[in-house]
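To start, the structure itself, in C-alpha cells.
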Amino acid sequence: MASSVFRVLSLAILAFACSLPFAAGNSHILGYSPSDLHSEPRLLSLFDSWNLKHGKHYTASQRLEKHKRFQIFRQNLMRIEAHNSKEGSTFKLGLTRFADLTREEFMRSRRLGLKLPAHNLGSLRRTLHLHPKSASSVPAVSDSVDWRVRGAVTEVKDQGMCGSCWAFSASGAIEGANALATGSLVSVSEEELVTCSSASGCDGGLMDDAFEWVINNGGIATEEAYPYRSYGGSSGACNIEVEENYKTVTIDGFADVAPYSEQALMEAVSKQPVSVAIEASAMDLQLYAEGVYNGTCSSDPYDINHGVLVVGYGSEKGVDYWIVKNSWGLSWGEGGYVRMIRNGSPFGICAIHSLSSYPVKAASGSSLVAES
Ligand SMILES: *[C@@H]1O[C@H](CO)[C@@H](O)[C@H](O)[C@H]1NC(C)=O
C-alpha cells in the first residue's frame with residue numbers, strides 16, 4: 001500500500017519534472033505549460049488569455065480572422081516549445097506580443113525601419129573588406145557596463161507599426177549622451193524626428209541622419225512636449241511651433257564606431273549608450289523571451305534592417321553578451337531588452353558591428369561619468 005502510494009507520488013513528480021511550465025522572467029509575456037500543447041481546449045484558453053493580455057478582441061463577425069490567428073498562434077507555440085525543450089540553447093522563446101503573426105506578417109508590420117540609401121550601401125561595401133581591428137591595438141575596457149543602473153537610459157518605448165526604429169535608436173543615444181553630460185535623464189521626442197527631420201518618416205531612416213538633423217536644428221524637444229503619435233504607421237506634419245520653441249536637449253556632434261570590431265564597439269559602449277543596426281527578421285527574435293540570444297538572424301552587414309541601442313555588455317556563465325534596448329514595447333524579450341551574444345566574430349551576431357554611432361556632447365554641471 002505504502003509503496004504504491006510512493007510510486008504514484010514519484011510518477012506525479014516525474015510527470016511534472018518532464019513538463020516544466022515556461023514562465024518568462026518578463027511578467028508581460030504570458031507563460032505556458034507544455035501540456036497545454038496537447039489539448040485543443042487548453043490551447044484555446046491559452047489563446048484567449050494571450051488576447052486578453054494584449055487587448056485583442058474579436059467580434060462575432062471576425063470569427064474567421066480569430067481562427068486564422070489561432071492557427072498561427074498554435075504553430076508559433078509549437079516552434080517555441082521545440083526550441084525551449086532543446087538542450088544547450090542560451091535563450092528561450094515565448095508568447096511575446098508578436099505570437100499571432102507569421103514571420104512574413106511580422107516583416108510587413110513595419111516594426112523595423114532602417115533604410116540604407118544607395119550611397120551608404122556603397123560605402124558599406126567599401127569597408128566590408130577592411131580587416132577587423134586587432135584586439136591588441138586598442139585599450140582594455142571594463143568587463144561589464146550597464147548604463148541603465150547609472151541612470152542614462154529611459155523607459156522602453158514602442159514604435160508601433162511605423163518604420164521609425166532609427167528615430168528610437170537615435171533618441172536613446174541622445175538621451176544617454178545628454179544624461180552623461182548634464183546629469184539629468186530627459187526623454188526626447190521620436191515624433192519630432194519622424195515628422196520634422198525626414199521626408200520618409202515611417203518608411204525608414206538612419207540614426208546618423210537623425211543626429212545631424214538635431215545638430216542643425218539646434219536641439220530636440222522632450223517626449224512630453226512632442227509625444228509619439230505615429231504608432232499606426234502614418235506620421236503627421238511637423239509641428240513647427242514645437243520644433244522652433246522647444247530645443248530642450250542639444251548635442252555637439254556625432255561619431256561613427258569603426259565597423260566589424262567587437263573591441264571597438266565595446267570601447268564605445270564603455271563610454272555611453274551607442275546606436276547600432278542589426279538584422280532583425282528572424283522568427284526566433286520575433287518570439288525571443290529571455291537569455292542570451294544566439295539565434296538564426298543573418299550576420300551579413302548587407303542585411304541590416306533595424307536600429308536599436310546598445311546600453312551595456314557583460315557575461316553570464318561564460319557567455320558574453322551585449323545589452324540591447326529595443327523599441328517593441330515591454331511585452332517582448334527581457335522587459336523590452338534583448339541580450340545578444342558577443343561571439344568574437346568580425347560582423348557580430350545579426351551584424352551588430354556594422355553601423356554603430358553615438359552623439360558627442362561636452363560635459364556641463366554634474367556629470368554621470370564621474371561615478372564608476
Ligand atoms: C551559438 O550558436 C552557434 C551556432 O549554432 C554555436 O556553434 C555556438 O556554440 C552557440 N554558442 C553558445 C554559447 O551556445
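Every number in this text was worked out from the coordinates using simple rules, so none of it is lab data. Not measured: the values here are computed from a predicted model. Here the Cβ positions follow ideal geometry from the backbone for every residue, glycine too, while neighbour counts run over all protein chains shown.
List 174, 215, 80, 240 from most exposed to least, where exposure is judged by having the fewest other Cβ atoms within 10 Å.
Details: 174 29, 215 17, 80 23, 240 9.
Arranged by neighbour count, lowest to highest, 174, 215, 80, 240 become 240, 215, 80, 174.
Over the chain, what is the relative contact order in whole percent, taking alpha-carbon pairs under 8 Å and six or more residues apart? Present the calculation step by step, with values, prior to reporting the outcome.
Details: 773 pairs, mean separation 79.1, N = 372.
The value is 21 percent.
With each run of n ≥ 4 DSSP H residues scored as -39500 (n - 2.57), what mean residue ellipticity at 222 nm is computed for the chain after dividing by its residue count and rounding to the nearest 500 deg cm²/dmol? Write out the running numbers ahead of the final one.
Working: 10 runs with 117 residues, N = 372.
That calculation yields -9500 deg cm²/dmol at 222 nm.
Can you find, among 213, 167, 362, the residue farthest towards the positive end of the dipole of the chain? Put +1 on the C-beta of Lys and Arg, -1 on that of Asp and Glu.
167
Quick one: 53, 92, fewest Cβ neighbours within 10 Å first, how do they rank? Before the final figure, lay out the partial values.
Numbers: 53 14, 92 18.
Result, fewest neighbours first: 53, 92.
Would you kindly state how much longer the chain becomes between residue 89 and residue 105 on full extension, computed as 0.36 nm times their sequence separation minus their alpha carbon distance, in nm to one decimal? List each step's numbers first, then the result.
Details: separation 16, 0.36 × 16 = 5.76 nm, distance 2.62 nm.
Between residue 89 and residue 105, full extension yields an extra 3.1 nm.
Work out from phi, with θ = phi - 60° and the Karplus expression 6.51 cos²θ - 1.76 cosθ + 1.60, the ³J(HN,Hα) of each residue of the stretch 265-280, listed in order in whole Hz, and give x for Gly and Pro.
Karplus-based 3J(HN,Hα) across the stretch 265-280 equals 5, 4, 4, 5, 5, 5, 9, 5, x, 10, 6, 9, 10, 9, 9, 10 Hz.
List, in order, the whole-Hz ³J(HN,Hα) value for each residue of the stretch 246-261 obtained from phi through the Karplus relation with A = 6.51, B = -1.76, C = 1.60 and θ = phi - 60°; use x for Gly and Pro.
10, 8, 5, 10, 10, 10, 9, x, 8, 9, 8, 8, 3, x, 6, 9
Order of 320, 143 from fewest to most other C-beta atoms within 10 Å?
143, 320
Can you tell me how much longer the chain between residue 216 and residue 33 gets when fully stretched, taken as 0.36 nm per residue apart minus their C-alpha distance, in nm with one decimal?
On the way: separation 183, 0.36 × 183 = 65.88 nm, distance 5.35 nm.
Here the segment from residue 216 to residue 33 would lengthen by 60.5 nm.
Contact order normalised by length for the stretch 9-96, with contacts defined as Cα pairs under 8 Å and 6 or more residues apart; what percent is it?
Values: 56 pairs, mean separation 24.6, N = 88.
Computed value for the stretch 9-96: 28 percent relative contact order.
Check residue 183: other-chain or 5+ apart residues with amide H under 5 Å from its amide H, H built from backbone geometry?
Residues meeting the amide H criterion: 368.
Report ³J(HN,Hα) in whole Hz for each residue of the stretch 70-86, in order, from the Karplus equation J = 6.51 cos²θ - 1.76 cosθ + 1.60 where θ = phi - 60°; Gly and Pro get x.
Along the stretch 70-86, the couplings run 5, 4, 5, 4, 5, 4, 5, 4, 4, 5, 4, 5, 4, 5, 5, 8, 6 Hz.
Please list, ordered by chain and number, the residues whose modelled amide H lies under 5 Å from the amide H of residue 354; skip anything fewer than 5 residues away on the same chain.
260, 277
Let me make sure I get this right: for the chain, a, b and c are the square roots of the gyration tensor eigenvalues over alpha carbons, sorted descending. Under 1.5 in a/c it's rounded, otherwise prolate if a/b > b/c, else oblate. Which is it?
Working: a/c = 1.99, a/b = 1.50, b/c = 1.32.
Because a/c hits 1.5 or more and a/b exceeds b/c, the chain counts as prolate.
Within 10 Å, at most 14 other Cβ atoms, and a DSSP state outside H, G, I, E, B define an exposed site. Report the longest part of the chain free of exposed GluC sites (Glu not before Pro). Can you show the working numbers first?
Numbers: sites that count: 87, 155, 224, 371.
Within the chain, the longest run free of exposed GluC sites (Glu not before Pro) spans 225-370.
Under the classification rounded if a/c is under 1.5, otherwise prolate if a/b is larger than b/c and oblate if not, where does the stretch 23-126 fall, given a ≥ b ≥ c as square roots of the Cα gyration tensor eigenvalues?
On the way: a/c = 2.63, a/b = 1.54, b/c = 1.70.
Taking the square roots of the gyration eigenvalues as a ≥ b ≥ c, the stretch 23-126 is oblate.
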